[in-house]
Amino acid sequence: MLFEPISFTLKDGRQCILRPASENDAEEMLAFRNKSIAETDFLLQYPEEMADYTIEKQLNFISRMINSENDILYIAVVDGKIAGTGQITFNSRIKLKHRASIGIALMKEYWGLGIGSGIFREIIKSAENRGGVTQLELEVIEGNHRAIRLYEKFGFETVAFRPDAIRLKDGTMLKEFIMVKKL
Ligand SMILES: CC(C)(COP(=O)(O)OP(=O)(O)OC[C@H]1O[C@@H](n2cnc3c(N)ncnc32)[C@H](O)[C@@H]1OP(=O)(O)O)[C@@H](O)C(=O)NCCC(=O)NCCS
């Protein structure tokens, strides 16, 4: 879904623009995706699992996001570079349409500057404006304190966890918490 870009000031004084993706972003978004998953264990893929994620797939994803009635993809841009993305996906089925799910990822050099908070402010506004959405949901891996702090700041509460949801290459098992915010 398309939306009007907005901008806000980061903790270091720079401006961050939140705008929809365009096909021109495909190459940079692919590089962003590869880099961001290599920088943390708190996203769901390992870099080698992205090997078959081609520029065509990235273009298809962007085009789907632009044309979708049920997804909003926010691209966070700082100094002309993609710093992160946030996505809200609304359900279209009658029994599920009061629920929406959220995902977010930033490159490490942009953590802690307030971009996550800026994206969440907009995502929550978009859900409130949609009408009929009463529950926002997300999942977060055990130990991701920065993410959990962000979500709690915006009113999300942990309602359940999946034991042993994530198995890292070294065998470490981690829980996945399910967090919910009522609108
Ligand atoms: C999680 C993530 C989206 C947070 O975004 P961010 O822009 O870094 O978050 P913000 O700067 O808006 O900070 C959010 C809160 O976290 C808190 N915080 C900052 N550093 C922290 C730390 N090391 N530990 C705990 N909380 C921390 C801040 O206090 C801030 O709250 P405040 O504004 O009231 O001070 C981002 O760090 C990220 O992309 N991480 C890697 C990918 C990831 O984990 N995605 C989420 C998967 S569920």
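Just to be sure I understand: of the beta bridges DSSP finds with both ends in the chain, what percent are antiparallel, rounded to 5? Please list the in-between numbers first.
Values: 37 of 40 bridges.
That works out to approximately 90 percent antiparallel.
Which of rounded, prolate or oblate describes the chain when judged by the alpha-carbon gyration tensor and an a/c cut-off of 1.5?
Working: a/c = 1.25, a/b = 1.03, b/c = 1.21.
It is rounded, given that a/c, with a ≥ b ≥ c, falls under 1.5.
Amide H contacts of Tyr53: none lie under 5 Å away among residues 5 or more positions distant or on a separate chain (H built 1.01 Å from N in the peptide plane; Pro and chain starts excluded). Taking label positions 7 Å along the Cα-Cβ direction at both Asp164 and Asp79, the computed distance is 4.5 nm, reported to one decimal. Where does the chain land at 222 nm, in deg cm²/dmol rounded to the nearest 500, when only DSSP H runs of n ≥ 4 count, each adding -39500 (n - 2.57), divided by all residues? For the chain, the value works out to -9000 deg cm²/dmol. When the chain is treated as a Gaussian network with alpha carbon springs shorter than 10 Å, the biggest mean-square fluctuation among Ile166, Ile66, Ile94 belongs to Ile94. Mean-square fluctuations from a GNM of the chain, with a 10 angstrom spring cutoff on Cα atoms, peak among Leu43, Leu138, Leu168 at Leu168.
Positive-end ranking of Asn144, Ile94, Ile115 along the dipole of the chain, with charges on Cβ about the Cα centre, is headed by Ile94. Pairs over the 29 Å Cα-Cα cut-off, from the set Lys35/Lys169; Lys57/Lys182; Lys11/Lys57; Lys11/Lys181; Lys81/Lys182; Lys57/Lys169: Lys57/Lys182; Lys11/Lys57; Lys81/Lys182. In percent, rounded to a whole number, the relative contact order of the chain is 18, using alpha-carbon pairs under 8 Å and six or more apart. Distance between the C-alpha centres of the stretch 74-102 and the stretch 1-66: 11 Å, rounded to the whole angstrom.
For the stretch 163-168, backbone phi angles converted through the Karplus equation (6.51, -1.76, 1.60; θ = phi - 60°) give residue-by-residue couplings of x, 6, 6, 10, 10, 6 Hz, Gly and Pro being listed as x.
Throughout, read-outs are computed from the coordinates displayed, never taken from laboratory work. Because the structure is predicted, anything quoted here is derived from the model rather than measured. Heads up, the Cβs are rebuilt from the backbone with ideal geometry, glycines too, and the neighbour counts pull from every protein chain shown.
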